[in-house]
Every structure is written in C-alpha cells, then in structure tokens.
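The values are calculated or read from the model by the stated rules, or taken from the named source; none is laboratory data. What you see is a predicted model; the values in this text were computed from it and never measured. Because the Cβ atoms are built from the backbone with ideal geometry, glycine has one as well, and the counts that use them run over all protein chains shown. Surface accessibility is based on the protein's heavy atoms, side chains included, excluding ligands, DNA and RNA. Shrake-Rupley method; radii C 1.70, N 1.55, O 1.52, S 1.80 Å.
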Amino acid sequence: MTLQRRQILTASMLAWATPWSAFAASATSRQDELVFDGVRLIDGSGGAPQNDMRVLVANGRIAAIGSMQNVGIPHGAQRIAVPQATLLPGLISNHVHLGLYDGLVSGAAAHTPVNILGQLRLYQRYGVTTVAAMGVNTPQVYPMQALVQSGAVTGADFVVAEGGIGTPDGAPPIDMDPSPVVRPINAQQARQAVQDATSRGANYIKLWFDDFQGQQLTKMDPEVYRAAIDETHRQGKRAFVHIYYLEDAKQLLRAGADVLVHGVRDQPIDGEFVTLMKRNNAWYVPALTVEEAFFLFAEQPELLEQPFLRNALHADLRQQFATPQWQQAQLANPALQEWKSRLTQSQRNAKSAVEQGVNVSFGTDSGAMPLRVPGFAEHRELELLVQAGLTPLQALHTATARAAQALELADRGTIAQGQRADLLLVSGNPATNILDTRNIVGVWQAGSRVV
Ligand SMILES: [Zn+2]
C-alpha cells in the first residue's frame, strides 16, 4: 500500500468515526397529531386535485382524509391552515448519488457521513423525502441508513444499490479510491458480486451499460450482465440499469432489466422497446436534467439570482457558476449542440413512453456531477417533463406514486390512510403551474416537520 493510499484510508475512516450528534433529530419538531386544514390535495394517485380538504396525521402516518365537515380535529392536535396551499406527497427520486461530490471535491473526501447527511437534509428541505442512491456507495452507508430510518438522525429516507456493477476499463467512469464498484469478468464473479451486495443489505442492484459516448469505454460483456440480472432476481431484488442507446436498452430488457435509470437518448423509442418494457413490467426514468445540466447554468446565469437555486449550491459551485470565463467555456464546448439534441430526443421519448403506456417514474442523477444539483434538479426535472408534453399532474404522478412503485415502497408516494406522512406543502397550485412546487411552505418526514 502506498503512503498516499494509506493517508486516504485513514482520513476516510476518521471521517466515518464522526459523531452523529450534529444530525440528531430535534425533539421539538415532533408532533404526535397534526391537521392540515382547508388544503388543495394532490394525493399522488394521478387524480385531479381536491379542494378544501382536511388531512389528519397521527404517529407519523396519515390517519384520516376528508372534507372539513367529515373529519374532526382531535383535541391537542396541531392545526396547519395556510390559504391557497396545496398538500402533496413528498417527492421520490429513483436515481441520485450520495457522497460522490462535496462542492467540487470528489473521492473519499466527499464520501463522508457529514457530506452524505448534509445532502439528505438538502433533499429533504426541497421536499424530496425519499431518494434511491444508485451506486458508488461503500457498505458504510448501511449503519447510516438504519439511523435515518429509525428517525434518530434527520434526513431524507434513502435506499441503496451500494457499489454497483461495472466493467473493467469501462463504465462507470466515476469512482472513488478505494473503489466500491465491482467489475466482474465472468458470470461467476457477477453472481458473487450480487450475492455479496444483497447479503450486506443492498436494496437493489445497479449495472452500468454504456460507452459514455466520446469516451469509447468497453461495454459490459453479455455473459456478465445476464448472470448479474438473473442472480439479482434469484435474490428477490430489482435490477436497475444505466443505458444511453436504444439498442442497449433492448439488450438489457431482453436479459430481464427492471428499471432503466436513464432515458433513451440516441433515437426514438420503438414498438419493440415498448413491448419489452411491458413484458418485464419495467420502469423508465427519463432523467432529463442530466443533459440540460451541462449548459443550463452557463446559458441562464440569471438563475443564480433565484434563492431556490442559490440555496441548494455549495459556495464553490456558486462561485464557479458566476464566473464569466466558466460560462463562456461551457457554451464554447463542441458538445453543446449534442447536449441540446440529446435533451430534445430524451423529452420526446419521455412523452412517447407515457403515451404508449410504458411505466414512467422519476429521477435526476443529481449528485453524480457538481452540475447536477440535489434538490434543485428534482424541481427542474418536473418542469422539463411538463415542457416535454406531460400535464403537471402526470409529471407529479411520476415523482410520487409511480416512483414509489418502481422502488417497491408500498408505504409512500400517495396521501392515503395508513401511508407514511411524508408531505410537501406549497403555496399555489402545481396542477396548473408546475413551478409552484418551488413555493415550499413546509416539509414533513414521517409526520415530523423538517422545514
Ligand atoms: Zn447515476
């Protein structure tokens, strides 16, 4: 082991020994019973909003829903009544990355509990109450997951694909040192990697199948992905796959893939693709912001003046985005037109998938690069889905009930009796103006107010 490697490991271990007290849930935010009164309710099921509703929360769950005449207010319950407010389920993302970057810094220095919990709190403040961390995490996240899920520390709830399965000399091009990504070279190693991850506690298995366009990386051997997906199913888990090209998506679907965590971006989806998606009962995550993030902040630096973006940014990123030289370099990038045409193709495919009855859910790949800003990206994704031709209610449906279904989380994604009280209260009506999801009045996680 080199001296440098030893120093990184030591720094990493010290970081993981950090006390959790700074993230302990505050007792004052807990309220056993609360009542949302006179709200416009978008319940996540995809149906039209209902006006003047009363929603009762008890012990972290939805206890009752009805008109103000039909549901009484228990003695001692906290009453929340905000005029012209809309209550929605907390947003759910099927594709984020935790602890890959801290501002512009990556590697072991970013994969720390302080940074990961900071990101989970950022998601939470932006109304994203459940996120799926799609790979490049070490097993050190499991104790943290247990603390978050028990309510001992505050942050968005999260599920994990742990390290994930990649390819030697191939995807993913991002990693850290020491590497949590396993890169099998044959079927036996692929099965072992899946068994190891699930025995440690992985909720899902992630695979990368891509050459990352200009980077010409070797793609995963069919023997490896077929074995990995088959073993994932034998372990009772879902296989989440990174794809870019239509033909790759079809290959992975033929092998049994369950969730495509990116949209198809090279060409229109076709009938065979739709048939395979339906055969597998698979899910499609458009992740439109992935392409737009390359140029958005350089092209629209005025966004920096909006607190909604500014408050989500690490200070180093804020400074980078505000630098004219950086903006000019981004816009002079030879790939600029390619990024834009991919975004257009990706938006057409998202709309087409919905129209053809493919299961569409929600994710952004936020946190995978500094430009993919956690919290902001999720609201921007909703806007891009509407721009693609989905109605605001369809877009919100993907980010609530549909996203929960893709993750097999039956206790959230809708506001219905017995469901977790993961709630987002905004002023205005996102069913008519999707930008109203940004007017956040409050966020509740399992009934506890976090904003
Ligand atoms: Zn990703």
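Couple of notes before you dig in:
- Options S150, S106; residue that is over 28 Å from N59 (Cβ atoms) and not acidic (D, E): S106
- Per-region count, the stretch 105-137, residues open to solvent by 10 Å² or more (accessible area, probe 1.4 Å), away from the ligand (no atom under 16 Å from the Cβ) and either in contact with a His (Cβ under 7 Å, 6 or more places away or on another chain) or not in a helix (DSSP H, G or I) (or both): 3
- Residue count, the stretch 182-206 (criterion: under 18 Å from V159 (Cβ atoms), open to solvent by less than 20 Å² (accessible area, probe 1.4 Å) and in contact (Cβ under 8 Å) with a residue 40 or more places away in the chain): 5
- Any hit, the stretch 45-53, residues being out of contact with any strand residue (DSSP E or B) (no Cβ under 9 Å at 6 or more places or on another chain), in a strand (DSSP E or B) and at pLDDT 70 or above: no
- On the stretch given as the stretch 164-181, residues that are open to solvent by less than 60 Å² (accessible area, probe 1.4 Å) and free of Cβ contacts under 8 Å to residues at least 40 places away in the same chain total 1.
- Hits in the stretch 54-67 (condition: assigned to a loop (DSSP other than H, G, I, E, B) and either at pLDDT below 95 or open to solvent by 20 Å² or more (accessible area, probe 1.4 Å) (or both)): N59
- Residue check, P286 over 19 Å from the mean Cα position of the chain (by Cα) and not in a helix (DSSP H, G or I): no
- Check on A257, part of a loop (DSSP other than H, G, I, E, B), within 17 Å of A190 (Cα to Cα), in contact with a strand residue (DSSP E or B) (Cβ under 6 Å, 6 or more places away or on another chain) and open to solvent by less than 10 Å² (accessible area, probe 1.4 Å): yes
- Taking every residue in the stretch 388-412 that is closer than 8 Å to I92 by Cβ and pairing it with any residue that is surrounded by fewer than 17 Cβ atoms within 10 Å (Cβ to Cβ), at least 6 positions away or on another chain, the pairs with Cβ-Cβ distances below 9 Å are T400/S45; T400/G46; A404/A410; A404/D411.
- Matching residues, the stretch 84-104, being away from the ligand (no atom under 15 Å from the Cβ), within 20 Å of V128 (Cβ to Cβ) and of a type in the set (A, V, I, L, M): A85, L87, L88, L91, I92
- The residues listed here are A156, A161; of these, the one that is modelled with pLDDT of 95 or more, within 16 Å of the ligand (Cβ to nearest atom) and buried (at least 24 other Cβ atoms within 10 Å of the Cβ) is A161.
- Where a residue in the stretch 129-158 is free of Cβ contacts under 8 Å to residues at least 24 places away in the same chain and its partner, wherever it lies, is among the charged types (D, E, K, R) and not in a loop (DSSP other than H, G, I, E, B), with Cβ under 8 Å and at least six apart: Q149/D157
- Within the stretch 179-195, tally of residues that are in contact with a helix residue (DSSP H, G or I) (Cβ under 6 Å, 6 or more places away or on another chain) and part of a loop (DSSP other than H, G, I, E, B): 1
- On the stretch given as the stretch 368-385, residues that are open to solvent by less than 10 Å² (accessible area, probe 1.4 Å) and either away from the ligand (no atom under 16 Å from the Cβ) or within 18 Å of F308 (Cβ to Cβ) (or both) total 10.
- Hits in the stretch 196-214 - residues which are in a helix (DSSP H, G or I) and in contact with a strand residue (DSSP E or B) (Cβ under 8 Å, 6 or more places away or on another chain): D196, A197, T198
- Picking from residues in the stretch 215-261 that are modelled with pLDDT of 95 or more and among the hydroxyl-bearing types (S, T, Y), the one that is nearest to N203 (Cα to Cα) is T232.
- Highlighted here are the helices (runs of 4 or more DSSP H) found entirely within the stretch 315-374 that include at least 3 residues which are in contact with a Phe, Trp or Tyr (Cβ under 7 Å, 6 or more places away or on another chain): 336-355.
- Residue in the stretch 280-299 that is more than 16 Å from the ligand (Cβ to nearest atom), open to solvent by 50 Å² or more (accessible area, probe 1.4 Å) and farther than 30 Å from Q356 by Cβ present: yes
- Breaking point among (1) modelled with pLDDT under 65; (2) more than 30 Å from S150 (Cβ to Cβ); (3) of a type outside the set (K, R); (4) open to solvent by 60 Å² or more (accessible area, probe 1.4 Å), for N70: (1)
- Residue list for the stretch 215-244, restricted to those being within 16 Å of the ligand (Cβ to nearest atom) and either assigned to a loop (DSSP other than H, G, I, E, B) or buried (at least 20 other Cβ atoms within 10 Å of the Cβ) (or both): L217, M220, R238, A239, F240, V241, H242, I243, Y244
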